[in-house]
Amino acid sequence: MSSTHEALVRSYLDAINRRDFGGIGAIFADTADQEWPGSAELIHGRDAIVAVAQATPTLPRTRLLRLRSGADLTIAEWAADYGDGKIWQVASLFEFSEDKVIRKTDYFVAGAQPPEWRRGMTDVLRWPAS
């Protein structure tokens, strides 16, 4: 199932890039939930998930950075570029029942430079271009 789930996650991110709302909704079960803990929001049901995507003023350009799967959980780390100069780093947990997402949880943060006091103690994280 992991390879099937990974393919579905890839198709979801591709659908965002194409502004294909049918493709965005296609991976979700009718009763799926989408959670955004950072803004304390919960979206109930595939139709509502798609409606929120359609109402979003600007959908981002997505770039998959890393994908890991096991049994019924696939984790995607990806970048979201809304065209405003900030690149958001996103970690999404896709929980599957068979071949449909029943819960998706997104953790996101706008990219930032490390503070001056840490320079020299850390390396700069560089993702490979895809």
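The values are calculated or read from the model by the stated rules, or taken from the named source; none is laboratory data. Keep in mind the model is a prediction, meaning the values are calculated, not measured. We place every Cβ from the backbone using ideal geometry, glycine too, and count neighbours over all the protein chains shown. The protein model used for the area step is the full one, side chains on, heavy atoms only, and it has no ligands, DNA or RNA in it. Shrake-Rupley method; radii C 1.70, N 1.55, O 1.52, S 1.80 Å.
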Index of the failed condition, residue 80 passing every other in (1) surrounded by fewer than 16 Cβ atoms within 10 Å (Cβ to Cβ); (2) among the aliphatic types (A, V, I, L, M); (3) closer than 26 Å to residue 19 by Cα; (4) without any contact (Cβ under 8 Å) to a residue 40 or more places away in the chain
(1)
Any residue in segment 109-127 that is part of a strand (DSSP E or B) and touching a residue at least 12 places away in the same chain (Cβ under 8 Å)?
yes
When residues of segment 7-19 are limited to those that are of a type outside the set (A, V, I, L, M, F, W, C) and within 16 Å of residue 104 (Cα to Cα), the one least open to solvent (accessible area, probe 1.4 Å):
12
Are any of the residues in segment 66-78 under 17 Å from the mean Cα position of the chain (by Cα) and more than 19 Å from residue 7 (Cβ to Cβ)?
no
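Here's the yes/no breakdown for (1) open to solvent by less than 40 Å² (accessible area, probe 1.4 Å); (2) in contact with a Gly (Cβ under 7 Å, 6 or more places away or on another chain); (3) of a type in the set (Ser, Thr, Tyr); (4) at pLDDT 95 or above:
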{"position": "21", "(1), (2), (3), (4)": "no, no, no, yes"}
{"position": "25", "(1), (2), (3), (4)": "yes, no, no, yes"}
{"position": "30", "(1), (2), (3), (4)": "no, yes, no, yes"}
{"position": "41", "(1), (2), (3), (4)": "no, no, no, yes"}
{"position": "55", "(1), (2), (3), (4)": "no, no, no, yes"}
{"position": "67", "(1), (2), (3), (4)": "yes, no, no, yes"}
{"position": "97", "(1), (2), (3), (4)": "no, no, yes, yes"}
{"position": "106", "(1), (2), (3), (4)": "yes, no, no, yes"}
Out of (1) in contact (Cβ under 8 Å) with a residue 40 or more places away in the chain; (2) farther than 16 Å from residue 13 by Cα, the one residue 73 does not meet is (1)
Test: residue in segment 15-38 that is of a type outside the set (Gly, Ala, Ser), in contact (Cβ under 8 Å) with a residue 40 or more places away in the chain, in a helix (DSSP H, G or I) and in contact with a Leu (Cβ under 6 Å, 6 or more places away or on another chain):
yes
